[in-house]
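The block underneath contains the structure these notes are about, expressed in structure tokens.
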Amino acid sequence: MKKSMMSILMLVILLVFTGCSSSSSTGANEDDTLTIAWLPNESGEDLGEARDEIGKILEDATGKKVEHKTTTDYNIAIEAIANGNADLAFLGAQGYIEANNKNDKVQPLVVPSGESGTLVDAVYNSWLAVQNADDYKINGEYKIDGIQGKKFSFVSNSSTSGFKVPSTGIVDYFSQQDKFKELKAEDLLEGGKDKFFSEVLYGGSHQGSAVNLLTGKAEVAAFCDTCVNNYVELADGEENKAGAVYKVKKDAAEPFNTVVDKTFSLISVTPVLNAPFVVNTELVSEDTREKILETLMSDEIANNEKVFVPEDSKLSGLFKRVSGKERLVEVEDDWFNPIRELSK
């Protein structure tokens with residue numbers, strides 16, 4: 001009897017461990033739908049075709065239905081992937097770090113490469129933009145000294161290039177002065193009397209922050225190049241250089257359709273690590289993750305003009321194709337450590 005009971009106990013233990021091992025590799029909570037959460041920047045109607053194209057390709061690869069969760073707030077997308085309301089998400093580096101801090105099962109899959117087709121130059125640019133850059137020249141050089149006391153627009157305090165990077169740069173620059181030696185990024189979150197900025201606005205998206213500047217609500221705005229390049233064109237100067245002037249295209253989609261032909265200029269340009277597609281590994285099995293990864297890195301995605309848009313195309317894709325080598329490339333968590341360091 002004791003032998004029989006012991007055998008049953010061992011069998012139960014074996015089944016439990018086998019079940020645990022199986023669920024960890026196949027995804028205990030995996031279902032027939034993949035939900036992708038998108039930040040406000042990629043949630044607009046103009047990018048609907050690009051989102052649908054990625055969804056269709058992933059459906060063919062995984063046999064699952066893909067649903068898109070568009071958002072109007074950074075935190076909604078971050079919370080969705082962290083708490084299991086989304087299986088995949090396209091987030092900025094800072095957004096990924098916040099989601100990973102909330103749930104370490106959230107891991108990166110791929111980022112868009114640079115023109116080399118690799119991670120070496122997988123960066124975009126964080127801009128500080130104003131109406132007239134010449135007002136910010138000191139001894140012939142563009143400086144950010146004049147932004148203090150102005151009405152300033154960030155994107156969201158969860159945005160990498162629309163808050164984390166520019167706020168760090170502002171603090172690093174001004175804290176060299178005795179008057180601002182105690183300045184911290186938190187001091188930039190709100191404006192008002194005795195604050196660093198007279199007023200602080202949040203665009204909710206990079207497009208929204210740019211429009212805050214173009215409509216005069218803000219005198220200085222932080223936003224990134226890739227999120228507005230579907231709506232603006234270089235009017236003067238050198239691309240992604242201080243002093244460059246950009247003009248809103250005549251056929252610009254919302255929200256730029258109300259500010260057509262208006263211009264802004266750059267006073268600061270800072271490279272930023274590219275944004276990742278991330279996965280909640282608790283919800284998506286290893287087998288499915290491998291299919292997703294292989295698909296996202298495929299030529300089918302890289303050569304799809306609705307996703308990687310050629311420079312001369314009128315389509316509003318997610319990414320620009322300049323050299324012809326651009327594609328999505330695999331990335332590991334520690335690649336984002338330089339952004340983590342900004343919070344220390």
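The values are calculated or read from the model by the stated rules, or taken from the named source; none is laboratory data. Please read all numbers here as calculations on a predicted model, not as lab measurements. A quick note on method: Cβ atoms are made from the backbone with ideal geometry, for glycine too, and the neighbour counts reach across all protein chains shown. The accessibility values were calculated without ligands, DNA or RNA, using every heavy atom of the protein model including side chains. Shrake-Rupley method; radii C 1.70, N 1.55, O 1.52, S 1.80 Å.
See the values below:
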| item | result |
| --- | --- |
| Those residues of the range 185-204 which are open to solvent by less than 70 Å² (accessible area, probe 1.4 Å) and at positive phi, in sequence order | Gly192, Gly204 |
| Hits in the range 39-97 (condition: of a type in the set (Lys, Arg), assigned to a helix (DSSP H, G or I) and over 22 Å from His206 (Cβ atoms)) | Lys56 |
| Residue in the range 72-90 that is open to solvent by less than 20 Å² (accessible area, probe 1.4 Å), within 26 Å of Ala253 (Cα to Cα) and among the hydroxyl-bearing types (Ser, Thr, Tyr) present | yes |
| Search result, residues across the range 114-163 that are part of a loop (DSSP other than H, G, I, E, B), open to solvent by 10 Å² or more (accessible area, probe 1.4 Å) and of a type in the set (Gly, Ala, Ser) | Ser116, Gly117, Gly140, Gly149, Ser156 |
| Given (1) open to solvent by 40 Å² or more (accessible area, probe 1.4 Å); (2) touching a His at 6+ places or on another chain (Cβ under 9 Å), index of the condition Glu233 fails | (2) |
| Sole exception among (1) open to solvent by 70 Å² or more (accessible area, probe 1.4 Å); (2) at pLDDT 95 or above; (3) aromatic (Phe, Trp, Tyr) for Phe17, by number | (2) |
| Residue list for the range 164-184, filter: crowded, with 19+ Cβ neighbours inside 10 Å and of a type in the set (Ser, Thr, Tyr) | Ser167 |
| Test for Thr215: is it among the β-branched types (Val, Ile, Thr) and open to solvent by less than 60 Å² (accessible area, probe 1.4 Å) | no |
